[in-house]
Each structure stands twice: as structure tokens, then as C-alpha cells.
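Undergrad: Sharing a structure with you now.
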Amino acid sequence: MSKKKPQNQTLDPENWDEIRALGHQIIDDLVDYWKGIREEPIWKPIPEEVKSTFKDSLPANGKNPMEVYSEFKTNIFSYNKGNVHPRFFAWIQGTGNPIGVWGDLLASGMNPNVTIGEHAPLYVDQQVVNWCKEMMGFSEDSSGILVSGGSMANITALTVARNSFADLNIRSRGLQEISSKMRLYCSEETHSCIQKAAEIIGLGTDSVVKIPVNNQFEMNTLALETQIKEDIDEGFMPFCVVGTSGTVNTGAIDPMEDLLKISRKYGLWFHVDGAYGALCKLDPVYAGRLKAMEQADSLAFDLHKWLYVPYEVGCTLIRDKAKHRASFAVNPNYLLQETRGLAGGPDSINNYGFELSRGFKALKVWMSIKEQGFLKYQQMIAQNNRQAEYLGELVRECEELELTAPVSMSITCFRMVKKGYSEPKLRSLNREILLQLQEQGIASPSSTILNGKYTLRVANVNQRARFEDMDLLVAEVLRIGRGLINSIE
Ligand SMILES: *Cc1c(COP(=O)(O)O)cnc(C)c1O
């Protein structure tokens, strides 16, 4: 006698041809989008009626996938952030690349959870980490993990640094009485994620000692050493020096060689935040200055910035694999590693980081590097640097403009100047130039304040940017700025 069963439910389509057609349409629309992006405005404001659709409450009933896609096109696709555009230079945001997108699509379609188990995606993940080591000059027996981005890469490294400090068994005992004594050193220009990481790993903001910078925005290493000695004398426990390869403000490079020496001299962990600029090592012009990075105890860097792959993916490399594993490995009953079958295969990636479930983000990197080859990336990164220098020259040649920081890596900071204008008036002028550049859809630099000067900041990790875009940017800054001269209060 057969029992009566409820009707089976699934999320798969009733009509496979329809979902196939939608897939084709999406691919076509994306390719058209990238192909034509140069002719489009870089950004446009979102109309109120579109914004209001994002306040609609939870839909109880579904609709046809074509309808969903059409809503996406009208309300979302048209109001993108703009970092796919050739003249997007705000913050430090990568452009993405077509094959990387296909990689993400395939990764999502295969949908493996790349943590434990014998499956090809896990080997791809490991291969990409090994390529990262090769690019960064880390030895084969070092270890690493792909994470969501630079912030996660930095906190992963700093956790290992903290847990490796002395023989205090911090992982099991916690920080206890030493939490207020440990000291981490970084420069005033260090990215905010280092402070956040220190807060989260229990050190607290007060244990982050910010060392002053010189007029190139690089850490003053004399001040660093003096501070370390003073702290030791006062009973503090220095444990880590963080150098930045490419500060977020100006692309400055802390003196890597000196930081390495000082770290070794005092027995401190040497960590490099290279979220933006570790990959600058691929440009022969910078390779020498970044050489000492190869000997860092840990290095954090982003692949969604200067390797141009779509969001998100970053990488942490740790020199000493045993210390890395000792910081994260656990063996709960439900995650037993086997010698055969599905739960066989390499050491679980969960033993090297906090996150358990992990997507197949390695695939977009793997496909991109295979498609282009390492040498092409070397050219691309060098090209961004030369474009930044070219923009710097245009600024230097123009009396109405001034550089507000030395051009370093691919960041150019400058502003319009006008005789007799006070600082607040210069700020209003340049702020208005920036906003109009964005609102007119021309280009998207961002802003910062350097030594009290409001600055237009052009950070170029854009694989679509051309040298001509720098000419256009300068011409438009001057056009807008000149038009404003009489209206600035
Ligand atoms: C971008 C950046 C970070 C943060 O990386 P995310 O990928 O945004 O999390 C950290 N440090 C520096 C120097 C950066 O440029």
C-alpha cells in the first residue's frame, strides 16, 4: 500500500528554458554594459521614487523571474556605484574584470563550501594561495588563506601575532592581566581596520601606538625605536610592528627595511598591511623598496583592489605555518577529517581562519590569472603607477593646481589654488569641484585632508583607465573650478 505523500516543493524553475533564456539575457546585458561603460555617466543620483521601492516590505508571494530581472534593471542596474567606469578614482576600489565575473558565476553555480573535504575547488583555493606566495616572495612552506578582504586579512594576521606572543598560551588563557600592557606600533597614517582589529582581539585602542610620519607620510622609524625603548622601560610589552605598503590616504610606503630590522632587534612580530599596495611589488620601479616585505611574519593584501578581480577577496600570508595553524585549529566531532572519501583531502581551511563556510572565491582569481598571465598584471599595475605620475606632471605644469602630497604608487593628491584665497575658501572651491565632477558624471575622485589642506584624491587601481582620462580630468577640474571662482564665499 503506498502512503499518501505531500506534493514536493523545490526552488528550481518549472520551466528550465525560461531560466536559461534569462541567463543568456543577463550575460548579454552585462557584456553590453562593460563594452559601453566609457560613454556612460560615471554616477547618477537615485530618484526618490526608485529609492522608495527599497522600502517595500517582505514579499509574501513570488513573481516571474523575468519580472524580477526587469525590476533589477530599472531600479538597481541603472544606479551603480561606478567603480566599473574608466574614470572611477574614489577611495581605493577595483574595477573588476569580465572573466572574474564568469568565475564568480561558475563558483556560485557549483556552490561548494570550500572548507573541508576532497573536491577540486579546495585544490584551486590552495593553488591560488600558493600563487599569492609566489607573487609576494613568500617561501613555499609558509601558509595563507583567502578571506573576504583586507580588513579580514589584517585581523587574521594580527590574531596569529597576538597568539604567538611569548609563551603565554594566550589562545587558551586569554589576555588576562597583560591585555593593558601589550603594545602594537603603526603609523598615524595606518588604516582604521588595524585599530578595529586590535579592539576586537582584546587589546583595546590604547595598546595601538601611532607613530608620527615624515613629510612623505611614511613612518618615522627613529620615533618608533625611541617609543619601543621607552615602553619597555615603563614595563609595557611591545609585540608587533605594523608597516603599511601603500597608505590609504597617499600611497605612502613605510620604510620596510628599517621596520624589519627594528622588529627583529626587539623580537617583535612584523606585519605588513598591503591591502592596497602589496601588489605594487610587481612594478619593477617599486620592487626594491618593497623587498623587505618578503621577510615579514605576516602580510595582508587585497585581490579585489589591485588584481582587479570582482569583490570580494583578500589574502593573508603567514611566514610560520605552525603558528598560523596553532591559532585557529580545532577538531569538533562534526568536522572529523578522514583519510578517504568525501571528508578526506587536505587539512581543513577552517584550521587557518575564523570563518567556517567559505565560498569558491578562488575561482575568479584562478581564471583571471590563467587568462592574462602574471606578466600582464605586472604591466597593468605599472601602468596605473605611470598614469598617477603623469597626472602629477600635469598638475605640476599648471599654475592653478598644486600637489598636496608626493605622488606615490597610484595615488595623486592635488587641489586647485587661487591667490588670496584662505584655507576655508580653498576647501569650499575644491569641494564644489569634486561634487560637480561626480554629479555631472565625469569622474569620481574622492577627497581627503592632508596637513589641513582639503584635497582631491585620485586613487587609480582601474584597469580601464587611459592616460587620456588624466588629461580629461585636469581639463574638467579647471573648467569647473574657473566657473566657480566668483561664486565661492
Ligand atoms: C582597503 C584597505 C584596507 C581594508 O581592506 P578591505 O578590503 O576594504 O577590507 C586596509 N588597509 C589598507 C591600506 C587599505 O587600502
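The values are calculated or read from the model by the stated rules, or taken from the named source; none is laboratory data. Everything quoted here is computed from the prediction, not taken from an experiment. A quick note on method: Cβ atoms are made from the backbone with ideal geometry, for glycine too, and the neighbour counts reach across all protein chains shown.
Undergrad: Name every residue in the stretch 280-298 that is in contact with a helix residue (DSSP H, G or I) (Cβ under 6 Å, 6 or more places away or on another chain) and either of a type in the set (S, T, N, Q) or within 16 Å of the ligand (Cβ to nearest atom) (or both), in order of residue number.
TA: The answer is C280, K281, Y286, L290, M293, Q295, S298.
Table: residues versus (1) crowded, with 24+ Cβ neighbours inside 10 Å; (2) at pLDDT below 95; (3) within 24 Å of the chain's Cα centre (by Cα); (4) of a type in the set (F, W, Y).
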position: E199; (1), (2), (3), (4): no, no, yes, no
position: F217; (1), (2), (3), (4): no, no, yes, yes
position: Q227; (1), (2), (3), (4): no, no, no, no
position: E230; (1), (2), (3), (4): no, no, no, no
position: L260; (1), (2), (3), (4): no, no, yes, no
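Undergrad: Within the stretch 335-343, is even one residue in a loop (DSSP other than H, G, I, E, B) and either buried (at least 20 other Cβ atoms within 10 Å of the Cβ) or of a type in the set (S, T, Y) (or both)?
TA: yes
Undergrad: Then there's this: Within the stretch 245-258, how many residues are within 15 Å of the ligand (Cβ to nearest atom) and assigned to a helix (DSSP H, G or I)?
TA: 1
Undergrad: What do you reckon, is H271 touching a helix residue (DSSP H, G or I) at 6+ places or on another chain (Cβ under 8 Å) and either within 16 Å of the ligand (Cβ to nearest atom) or assigned by TED's automatic domain parsing to the domain that holds W34 (or both)?
TA: The answer is yes for H271.
Undergrad: How many residues does the stretch 473-485 contain that are touching a residue at least 12 places away in the same chain (Cβ under 8 Å) and closer than 14 Å to V395 by Cβ?
TA: Going through the stretch 473-485 one residue at a time, the tally reaches 6.
Undergrad: Can you pull out the residues in the stretch 47-69 that are of a type outside the set (D, E, K, R) and either surrounded by 13 or more Cβ atoms within 10 Å (Cβ to Cβ) or more than 30 Å from A90 (Cα to Cα) (or both)?
TA: V50, S57, L58, P59, A60, N61, G62, N64, P65, M66, V68, Y69
Undergrad: Now for a different question. Exactly one of (1) out of contact with any strand residue (DSSP E or B) (no Cβ under 7 Å at 6 or more places or on another chain); (2) more than 16 Å from the ligand (Cβ to nearest atom); (3) β-branched (V, I, T) is unmet by V309. Its number?
TA: The failed condition is (2).
Undergrad: Then there is this: Among all residue pairs at least 6 apart or on different chains, which show Cβ distances below 7 Å where the first residue, located in the stretch 312-323, is within 7 Å of V147 (Cα to Cα) and assigned by TED's automatic domain parsing to the domain that holds V129 and the second is away from the ligand (no atom under 16 Å from the Cβ) and part of a loop (DSSP other than H, G, I, E, B)?
TA: Here the result reads none, with nothing in the stretch 312-323 linked to a residue that is away from the ligand (no atom under 16 Å from the Cβ) and part of a loop (DSSP other than H, G, I, E, B).
Undergrad: So E389 clears everything in (1) in contact (Cβ under 8 Å) with a residue 24 or more places away in the chain; (2) surrounded by 14 or more Cβ atoms within 10 Å (Cβ to Cβ); (3) touching a strand residue (DSSP E or B) at 6+ places or on another chain (Cβ under 9 Å) except one condition, right? Which one?
TA: Looking at each condition in turn, E389 falls short on (1).
Undergrad: Here is a further query. Quick one: is G481 of a type in the set (G, A, S), surrounded by 17 or more Cβ atoms within 10 Å (Cβ to Cβ) and over 23 Å from the mean Cα position of the chain (by Cα)?
TA: Taking the combined requirement at face value, the residue satisfies it.
Undergrad: I'm told H304 meets every condition in (1) within 12 Å of the ligand (Cβ to nearest atom); (2) assigned to a helix (DSSP H, G or I) except one. Can you identify the failing condition by its number?
TA: (2)
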